[in-house]
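Accompanying notes for the structure given below.
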Amino acid sequence: MAGHGTQAHPHGADRLCDAGDRVYSRAVRRGRVSREDADAVPCLVELALLHPDPDDMRYLVPTSPQEVMTRLLREMHEDVVAAQARMGATVSAFEWYASLGGDARSPAEGVAIRVLDGLPRIRAAMDAATEACTSEVLAVQPGGIRREDELSEGLHRALALRRRGVRMRDLYTHVARHGQGLLNYMELMGDAAEARTLDEVPERLIVFDRTVALIPASPDRTIALELRHPALVDYLITVFERLWRLAIPLTAPLPDTGIEGITHRERSIAALLAEGHQDAVVAERLGISVRTCRAHIARLSETLGAASRTQLGVRIAQAGLDGPPRSPELEPLTAPGPAAPEFPTGR
């Protein structure tokens, strides 16, 4: 039966077949489904979306959608990190082979991977890609609230794209919702742009017409890679599209956590602390300042009755907060401090 299910339902948990969607939806609504109902969709068991009910083995109970989403996000984040490591190794190998031929050849427009050293070269490459773009731009914008100068820097590109009828889709962190600048920017773009948010997003990414991608290549984002290799660009597009399906539209409200006294952001912080991350890393991944992060940790400790960080870790596990459903309740935010010079945002 398992082998048959794999052949009949060749998909992952992020894109269920119609039959699987119906049965899993029914299980979530009712709390369980009978084994007979699930026989036609063995993919749900194979993907760990359904598992036996310990109280009655004739039934299967669903894995919570929040747990499934967290698992998918972690897998995609690991894929992105691995891909970035492979890209760095590829660039190093390319530069070494290029050095064997001396300076006879200079970088051309069609080069699969081009290193852009310095903000002027990065901006020039983005301007050229914007001018050539005719249909679509995909962008991932990490960090917190978008500063006015960041949004203004790329405004001329976005307006040029809108005039040509180019569709723009942007992924931000949930924290970015608190910035009036982003809301003004999206209103200015009108139907040409759509934004969604997630608790965490990977590093900055911009893809033009599914043929040219730009990603940072240094921690301060003053060096970037321009990618034109079809396999690399397709991989990045796949990551974007999967994150896009999991994200929440900017115009839609963010659902409650369902846990009294714990906000979504505190639940997300708890999950990252449970993974062993330090305060600065947690703050960076959620797009908030370290000061704001520590204030949330203090409130989380008070709510859970933890007197120390060690005790907080135990209480987080006891409360089941080490695997977050990432969909917050909006709350006031202290804006992060000034950022270092970086890979330009916007178009």
In nm, to one decimal, how far is the modelled label at ARG228 from the one at ARG22, with both set 7 Å along Cα→Cβ?
4.9
Accessible area of segment 190-310 with a 1.4 Å probe: how many percent of it is carbon plus sulfur?
54
Ranked packing of 39-50, 72-83, most packed first, by mean Cβ within 10 Å:
39-50, 72-83
Write down the accessible area per residue of segment 44-94 in Å², having rolled a 1.4 Å probe over the full set of protein chains.
56
ALA128 versus ALA89: modelled label distance in nm, points set 7 Å from Cα along the beta carbon direction
2.9
5 angstrom amide H check on ALA195, placed H, neighbours 5+ away:
ASP170, LEU250
Which value in nm describes the separation of the simple spin-label points at HIS77 and ASP37, placed 7 Å from the Cα toward the beta carbon?
3.3
Give, as ranges by residue number, the residues of segment 119-145 whose backbone N falls under 13 Å from the point 7 Å along Cα→Cβ of ALA160.
123-134
For GLU187 and ARG294, compute 0.36 nm times the residue count separating them, minus their Cα-Cα distance, and round to one decimal in nm.
35.2 nm
Accessible area per residue in Å² at 1.4 Å probe, computed on segment 215-305
45
Long-range amide H partners of GLY179, meaning residues 5 or more apart or on another chain whose placed amide H is closer than 5 Å, are ARG146
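The values are calculated or read from the model by the stated rules, or taken from the named source; none is laboratory data. Being a predicted model, the structure only gives us computed values, none of them experimental. A quick note on method: Cβ atoms are made from the backbone with ideal geometry, for glycine too, and the neighbour counts reach across all protein chains shown. Side chains included, ligands, DNA and RNA excluded: accessible areas come from the protein's heavy atoms. Shrake-Rupley method; radii C 1.70, N 1.55, O 1.52, S 1.80 Å.
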